[in-house]
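The values are calculated or read from the model by the stated rules, or taken from the named source; none is laboratory data. Keep in mind it's a predicted model, so treat the numbers as computed, not measured. Don't worry about glycine lacking a Cβ; one is built from the backbone with ideal geometry, like all the others, and counts go over all protein chains shown.
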Amino acid sequence: MSSTDTHRTIEAVWRIESAKLIAALARMVRDVGLAEELAQDGLVAALKQWPESGVPEKPGAWLMAVAKHRALDLLRRDKLIERKHEELGRELQTAVSQFDLSLDEDVGDDLLRLIFISCHPVLPFEGRVALTLRLLGGLTTQEIARAFLVPEATIAQRIVRAKRTLSEAGVPFEVPKAEEREQRLSAVLEVIYLIFNEGYSATAGDDWMRPELCKDALRLGRILVGLAPSQPEVHGLVALMEIQASRSRARVGPSGEPILLLDQNRALWDRLLIGRGLAALKRAEELGGQKGWYALQAALAACHARREPRRRRIGVALRPCTPCWPKSRRRRLWS
Amino acid sequence: MRFMIMIKADKNTEAGVLPGEKLLTDMGKYNEELVNAGVMLAGEGLQPSSKGARVHFSKGKYTVVDGPFAETKELIAGFWIWQVKSKEEAIEWVKRCPNPLDGDFDIEIRQVFEVDDFGPAATPEVREQEARLRRESEKLQKK
């Protein structure tokens with residue numbers, strides 16, 4: 001395998017494994033910034049060793065072993081330094097002894113915690129977006145910068161500040177309690193949908209990383225469905241994104257001009273995505289979530305996808321919930 | 001990027017031998033992993049070629065031939081369609097596939113054709129028109 005091939009493979013492995021890796025480490029060291037650093041140590045080691053030794057059979061486990069090793073080193077060193085501070089010492093002791101439980105814990109729980117913390121309300125909105133794309137999307141700082149048309153340094157700063165804020169605010173690495181969960185979940189959905197919209201609004205001639213954001217958002221949404229399958233609005237959001245994404249080939253004309261929904265060539269609609277969107281919408285409805293904001297938008301979008309653009313059907317969908325729609329939501333009814 | 005992943009057939013799949021419990025469980029978990037990773041778009045198992053047919057076209061005429069077909073190596077037993085960022089990512093996922101058949105087997109990876117999301121790059125004039133239309137439509141939405 002050439003060195004380039006190995007690098008591309010390492011990138012692919014990182015895309016598959018990094019979020020789970022960071023999530024598990026974050027639970028262990030209880031600091032998201034440190035968790036990412038440790039995971040990156042694993043990546044650096046892989047970049048050094050795998051071109052020589054070949055890609056290991058279980059690359060995820062390999063990366064985790066390196067990161068854990070580094071984490072233990074750090075904890076032991078900290079433990080020595082902090083020996084005088086009893087309370088901290090006790091906490092570190094617990095953390096060290098909990099290490100080996102890590103592989104038995106549900107990966108899903110860790111990822112869910114990571115998503116919630118990345119979208120924490122204490123962070124400025126743009127910080128949540130950058131952090132989510134970085135930690136959960138596996139995008140590099142440069143990729144995020146290109147996608148959002150801002151300098152790389154800006155994104156780097158947003159991420160650094162976000163990690164610091166989480167650390168200083170002492171935000172716990174846990175799934176939000178029942179009374180907060182709806183609001184916190186709403187914050188997560190908002191971040192994912194913003195990423196999708198950023199991609200959806202990309203114009204012809206833009207950096208290809210921009211429309212790619214739609215796929216990143218869809219992937220995050222689908223991951224969230226796996227982690228929180230009982231939440232109707234999660235299915236609603238995914239339904240909306242699948243159906244909107246299904247139209248991406250039909251939305252722009254040959255000279256880059258936008259084509260409104262009712263004028264689009266339906267033969268260019270991606271029926272695979274429409275099918276997925278309708279299935280997700282059905283799940284949202286079965287969970288009793290038909291009046292959720294995303295589910296409603298998805299139902300509207302689905303009307304067109306089902307080739308029944310009857311105004312009455314749209315009117316019926318709109319009627320029950322208009323007062324609930326926050327004015328801040330961007331609407332994408334016409335494309 | 002989208003890839004179609006094809007599990008090649010072998011004498012067992014062609015004989016309609018159903019997978020054992022362990023394989024069913026492992027495959028179930030694998031499919032769940034793919035779904036939970038957000039990369040799975042579609043996937044199906046295919047029945048043996050004995051239940052299928054081929055249509056051969058030649059000089060404007062067609063002939064229909066019922067299965068089974070002899071060249072097992074050229075047949076497929078199942079497929080997936082995945083959304084990933086590179087061929088290497090597809091390969092990494094395939095490596096994690098549980099062994100579906102006894103002995104040697106092949107899984108083929110083919111990239112799906114996708115039309116560009118956008119047509120040829122827009123001229124500055126067209127872009128300005130686009131931006132203006134977008135602003136106007138946003139004004140409409142705020143009303």
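Residues considered: A:Arg184, A:Arg210. Of these, the only one that is within 14 Å of chain B (Cβ to nearest Cβ) and of a type in the set (D, E, K, R) is A:Arg210. Scanning the range B:40-55 for residues that are closer than 25 Å to B:Arg2 by Cβ and assigned to a strand (DSSP E or B) yields B:Met40, B:Leu41, B:Ala42, B:Gly43, B:Glu44, B:Gly45.
Taken over the range A:48-65, the criterion of being of a type in the set (A, V, I, L, M) and in a helix (DSSP H, G or I) is satisfied by A:Ala61, A:Leu63, A:Met64, A:Ala65.
Candidates A:Glu152, A:Glu242, A:Glu233: the one that is at pLDDT 95 or above and touching a Ser or Thr at 6+ places or on another chain (Cβ under 6 Å) is A:Glu152. When B:Arg132, B:Arg110 are screened for being outside any loop (DSSP other than H, G, I, E, B) and modelled with pLDDT under 90, only B:Arg132 passes. Conditions: (1) within 14 Å of chain B (Cβ to nearest Cβ); (2) surrounded by fewer than 20 Cβ atoms within 10 Å (Cβ to Cβ); (3) in contact (Cβ under 8 Å) with a residue 40 or more places away in the chain. A:Leu47 meets all but one. Number of the miss? Of the numbered conditions (1) within 14 Å of chain B (Cβ to nearest Cβ); (2) surrounded by fewer than 20 Cβ atoms within 10 Å (Cβ to Cβ); (3) in contact (Cβ under 8 Å) with a residue 40 or more places away in the chain, the odd one out for A:Leu47 is (1). Does A:Ala202 meet the test of being surrounded by fewer than 17 Cβ atoms within 10 Å (Cβ to Cβ), of a type in the set (A, V, I, L, M, F, W, C), free of Cβ contacts under 8 Å to residues at least 12 places away in the same chain and out of contact with any Gly (no Cβ under 7 Å at 6 or more places or on another chain)? Judged against the criteria, A:Ala202 is not a match.
When B:Arg96, B:Arg110 are screened for being surrounded by fewer than 17 Cβ atoms within 10 Å (Cβ to Cβ) and more than 14 Å from chain A (Cβ to nearest Cβ), only B:Arg110 passes.
Does A:Val171 meet the test of being more than 10 Å from chain B (Cβ to nearest Cβ), surrounded by fewer than 20 Cβ atoms within 10 Å (Cβ to Cβ), outside any helix (DSSP H, G or I) and β-branched (Val, Ile, Thr)? For A:Val171, the condition - more than 10 Å from chain B (Cβ to nearest Cβ), surrounded by fewer than 20 Cβ atoms within 10 Å (Cβ to Cβ), outside any helix (DSSP H, G or I) and β-branched (Val, Ile, Thr) - is met. How about the range B:1-48: which of its residues are charged (D, E, K, R) and farther than 24 Å from A:Leu112 by Cβ? Correct list: B:Arg2, B:Lys8, B:Asp10, B:Lys11, B:Glu14, B:Glu21, B:Lys22, B:Asp26, B:Glu44. Confirm whether B:Lys73 is assigned to a loop (DSSP other than H, G, I, E, B) and of a type in the set (Lys, Arg). Considered against the rule, which asks whether it is assigned to a loop (DSSP other than H, G, I, E, B) and of a type in the set (Lys, Arg), B:Lys73 comes out as no. None of A:Leu194, A:Leu224 is surrounded by 19 or more Cβ atoms within 10 Å (Cβ to Cβ) and not acidic (Asp, Glu) except A:Leu224.
Yes or no, residue by residue, for (1) within 16 Å of the chain's Cα centre (by Cα); (2) over 25 Å from A:Gly277 (Cα atoms); (3) within 14 Å of chain A (Cβ to nearest Cβ); (4) at pLDDT 95 or above:
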| site | (1), (2), (3), (4) |
| --- | --- |
| B:Val35 | yes, no, yes, yes |
| B:Asp66 | no, yes, no, yes |
| B:Ala70 | no, yes, no, no |
| B:Glu74 | no, yes, no, no |
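Scanning the range A:199-249 for residues being within 17 Å of B:Met1 (Cβ to Cβ) and in a helix (DSSP H, G or I) gives a total of 14. When A:Arg164 is tested against (1) among the charged types (D, E, K, R); (2) over 20 Å from B:Asn36 (Cα atoms); (3) modelled with pLDDT under 95, only condition (3) is not met.
Within the range A:1-19, if we keep just the residues that are free of Cβ contacts under 8 Å to residues at least 40 places away in the same chain and surrounded by fewer than 16 Cβ atoms within 10 Å (Cβ to Cβ), the residue that is nearest to the other protein chains (Cβ to nearest Cβ) turns out to be A:Asp5.
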